[in-house]
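Quick notes on the structure that follows.
Please treat every number below as a calculation from the coordinates, not as lab data. Computed from a prediction, not measured in an experiment: that's the story for all the values here. Here the Cβ positions follow ideal geometry from the backbone for every residue, glycine too, while neighbour counts run over all protein chains shown.
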Amino acid sequence: MKKYFSSVICSRGYTSAYNTIYKKDTNSRVFIIYGGSDFERAIFFEQLLKNFKGYNLSVFNPFYDESPDGIYIENLNTYIISDSGYSRISPILSGIWEKYYPATKDKDYPLDLRREILILKAKENNCYKNACNVLKSASHIKEKIHTEFSPFLNDDKIINYVRRFCSRTFKNINGKGVGTIRLLSTPTPLGIHTHYDTIFDTCENVIGIYDNSSFVGSIILGIIKDYAISEKIPFFINPSYFANDIPQTIIFPNHSIAITICDENHILPFEPQEKVTIQRFLTSDSILSSKKVDALCSIENQLLENCVLHIYEGRDYRFKYNNLCRGYENSDEVIERADKLCERLMI
């Protein structure tokens, strides 16, 4: 099972990735799930995962919760996606749409309850907006860190490293692919989380660039990304929190290799096949700015912690309005509808 985030919060605002997750295959089937509360839809998707155990699955989680809001069943070339919350579906998706599949029938909540739910949802959204604003501040700190490092960068060493990497990795290439975004890392209510199991499952070889500033690492990955685009080599990008187009990780599925930036918030749970430290790409004078950079990194990490707290607070409001709805929920009906959808697909 491969896990991705269907949405993330970054310094440029909220981002949904379904327009890159979905392959736009006209032969694929797409079931859009609507209706019910967040809690009921979570039950719906958990039941789907039980029923499709043993299938090749990609599971998509929103940034605020580990409960899935979408799955792709590779064996059946079928997407089942929730059209609610923060992972809204792009209207441009192609394929055979079967839009109207409810998780449960609509309920007529009392007026007072509906009003309270709307108030709590507004507070939740405000928390996520605050998280985005904090990440904007963190991205400004990141820019200052990069400014500190710029004068000490050894361009020749970076170019030579990238040249060697590309020559040994992409021998006899016959490029026909394009680059797409795969969201593998994002701030969540429990901290910055990365689906490293998905990276490791996809790639036999992982190169870790150890760089708390992320400046040198992002330059290296940016150059490699540009090379892959020019040669039409297929790749996936896991973007950094501060910019959707700056990679934290780049994966080459056809070559079973990933290169990722490791810092205090992205610590690999396994030993990479190759470790790269940024000191080799800096001049000896860089030590002069190291203390200032360390201080800026500390401020950035504090801002990231504040971002996580805002997201945690937002999820707390979500739990509150879910609890308000519990007396009106029908878990048995949700499970029954999930089972019927599975039977329909397995015929």
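The helix-based estimate of mean residue ellipticity at 222 nm for the chain, built from -39,500 (n - 2.57) per DSSP H run of four or more residues and divided by its residue count, is -14500 deg cm²/dmol to the nearest 500.
To the nearest 0.05, how large is the calculated FRET efficiency for Asn160 and Ile347 if R₀ is 56 Å and r is the Cβ-Cβ distance? Using R0 = 56 Å, I get an efficiency of 0.45. Amide H contacts for Ser82 (H built 1.01 Å from N in the peptide plane; partners 5 or more residues away or on another chain; cut-off under 5 Å): Ile33, Gly70. Note on Ile81, Ile32, Ile219: ascending count of other Cβ atoms within 10 Å places them as Ile32, Ile219, Ile81, the fewest first. I need the helices of the chain that pass two filters: whole DSSP H segments spanning 30 Å or more by Cα along the axis, and mean Kyte-Doolittle score no lower than 1.0. Membrane-span-like by this criterion, though nothing is claimed about a membrane: none.
As a proxy for reagent exposure, ranking Ile220, Ile141 by other Cβ atoms within 10 Å from fewest up yields Ile141, Ile220.
With a Cα cut-off of under 17 Å and a minimum spacing of 8 residues unless on different chains, the lysine pairs in segment 154-281 number 5.
Charge dipole of segment 154-281 (Cα centre as origin; +1 on each Lys and Arg Cβ, -1 on each Asp and Glu Cβ, all else neutral): 480 debye, rounded to the nearest 20. When only alpha carbons are used to place a centre, segment 1-46 and segment 104-145 end up 18 Å from one another.
The value of relative contact order for the chain, using C-alpha pairs under 8 Å at least six residues apart, is 26 percent.
When only alpha carbons are used to place a centre, segment 184-203 and segment 287-328 end up 16 Å from one another. For Met346, the shell of other residues with beta-carbons less than 14 Å away shows a net charge of +3, using +1 for Lys and Arg and -1 for Asp and Glu. Rounded to whole Å and sorted largest first, what semi-axes of the equivalent ellipsoid does the C-alpha gyration tensor of segment 163-240 yield via the square root of 5 times each eigenvalue? Semi-axes (√(5λ), whole Å): 24, 15, 12.
What the Cβ-Cβ distance of Lys291 and Lys129 gives, at R0 = 41 Å and to the nearest 0.05, is a FRET efficiency of 0.75.
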